[in-house]
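Novice: My questions will all concern the structure given below.
The values are calculated or read from the model by the stated rules, or taken from the named source; none is laboratory data. These figures come from a predicted structure and were not determined experimentally. Cβ atoms come from the backbone with ideal geometry, glycine included; neighbour counts cover every protein chain shown.
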Amino acid sequence: MAGIGFELRRMIRDEGDLLSRVRGYASAGLVAAGPWIMTIITLSVVTVVAPFFADRIEYEAFRAVVTYGFAFSLIVVGVVQMSFTRRIADLLFAKRYELVLPAFSTAFKWTALVQVAIGAGFAVAS
């Protein structure tokens, strides 16, 4: 993924017409949202196929666990990602590269802690 931004800028700059801009921005959107799109497609396929391989109660329990797990992970990671991205951008701009790894470690630990707490709460409640 390194250097993809340079290629996208080159694609937009070199051709310069509206179609190349649309193609460049669409490619950037797919690169950024690709994992999320693949997850949604996979969950959709599982939702359609699963009733043929499990009884209704198991299927509904599985679907609830996956749906809520996915939703809470998106919410928690999204909040952290917004502030973390800004922090890393500021550190890189200030050329304080030695603080990038500790910032990542801190964000990772707090995110994991929150996710485990939410998961434990749901495990105990069920």
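Novice: When residues of the range 102-126 are filtered for being exposed (fewer than 12 other Cβ atoms within 10 Å of the Cβ), of a type in the set (A, V, I, L, M) and within 24 Å of Ala32 (Cα to Cα), how many remain?
Specialist: Selection size over the range 102-126: 1.
Novice: Look through the range 102-125, keep the residues that are over 20 Å from the mean Cα position of the chain (by Cα) and not aliphatic (A, V, I, L, M), and return whichever of them is modelled with the highest pLDDT.
Specialist: Among those residues, the one meeting the criterion is Pro102.
Novice: Only residues that are surrounded by 11 or more Cβ atoms within 10 Å (Cβ to Cβ) and more than 25 Å from the chain's Cα centre (by Cα): list them for the range 13-48, please.
Specialist: Arg13, Glu15, Ser20
Novice: Could I ask something else about it? If we scan the range 37-46, do we find a residue that is over 21 Å from Leu74 (Cα atoms) and of a type in the set (S, T, N, Q)?
Specialist: No, that holds for no residue.
Novice: Turning to a different aspect of this structure: Within the range 49-65, can one find any residue that is under 15 Å from the mean Cα position of the chain (by Cα) and either closer than 30 Å to Arg13 by Cβ or part of a helix (DSSP H, G or I) (or both)?
Specialist: no
Novice: Show the residue pairs that are 6+ apart or on different chains and have beta-carbon atoms under 7 Å apart, the first residue being within the range 74-101 and surrounded by 13 or more Cβ atoms within 10 Å (Cβ to Cβ), the second being of a type in the set (S, T, N, Q).
Specialist: Hits for this filter: Val76/Thr111; Val76/Gln115; Val77/Thr111; Val80/Thr111.
Novice: Which ones in the range 107-126 are among the small types (Gly, Ala, Ser) and without any contact (Cβ under 8 Å) to a residue 40 or more places away in the chain?
Specialist: Within the range 107-126, Ala107, Ala112, Ala117, Ala120, Gly121, Ala123, Ala125, Ser126 qualify.
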